[in-house]
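Here's the structure, in structure tokens; my notes come after.
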């Protein structure tokens, strides 16, 4: 009898342990619904809608409604953002054409979920006393830019238009956008190529002026919203909320650009009038056009031509803007 009682007690203890474990599993599953999304952002006027959606709290609030916590990470430019994506630290980001296609060519499993579009928003600036009056004058001279950014693409096109070769006729110096003013005024480089709002900011300073921009070589400077494919496949609801708020901010800016330029002045540390001037160069959209895809494919060819990548990817295979189309159509 004692043996039976001991056996019954042992069974009861096992059943109790299983029930406790089961409760623990239930709580874990509940907690798993409180997901996180890691969003990458950079201070470019190409992404004004995203900045508005962030600064207004719209993305955080909308994500909270579906049980998602937002973790924002700020980057100065595309290349360091790519490194963070490669390390699996980010889920959705905004980036220019060169880093966008470079990452995929390097093997990152990213997809382009929306078009952030572009315009003549990348420019080449020189110091007033540089003696450089045209792009042709840069033969044998130094050009500062962020290697791996869209500025690299524009530089090649400006040089080719002036009869110069990117690889042999100039020396390209890798700089950060924050150093552009200093290296120009110190004479460390003869020209810099950067993007808005930095173009407008530097052009407004004494001693520096805009020499030329993408409009002179029909270069729109395509930008994209991209994400890890694995994340998109597993979390379409998060992607949709993100794009809905991005589109909401796009429309809000279109309706009242002056008010939002004022709002963004703190984020960009720039006069609202210069922000409005810079942002006016962009067309903010979500859905890719055939021209957009062709532009990105041209970027692939450019990077192969200068030896930056060897894998000539097909851009269309990596476009996944189905959710963006739904958002535009209000579905």
**Prompt:** How many residues are without any contact (Cβ under 8 Å) to a residue 40 or more places away in the chain and buried (at least 21 other Cβ atoms within 10 Å of the Cβ) when one looks only at the range 198-234?
**Reply:** 1
**Request:** List the helices (runs of 4 or more DSSP H) that sit entirely inside the range 37-99 and contain at least 3 residues that are touching a residue at least 60 places away in the same chain (Cβ under 8 Å) and farther than 22 Å from residue 309 by Cβ.
**Result:** 48-55, 58-65
**Request:** Would you mind finding the one in 239, 285 that is assigned to a helix (DSSP H, G or I) and either at pLDDT 95 or above or assigned by TED's automatic domain parsing to the domain that holds residue 60 (or both)?
**Result:** 239
**Prompt:** Is at least one residue of the range 23-40 closer than 23 Å to residue 279 by Cβ, buried (at least 20 other Cβ atoms within 10 Å of the Cβ) and modelled with pLDDT of 95 or more?
**Reply:** yes
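The values are calculated or read from the model by the stated rules, or taken from the named source; none is laboratory data. None of the values given here were measured: they were computed from a predicted structure. Using ideal geometry, Cβ is built from the backbone for each residue, glycine included, and neighbour counts are taken over all protein chains shown.
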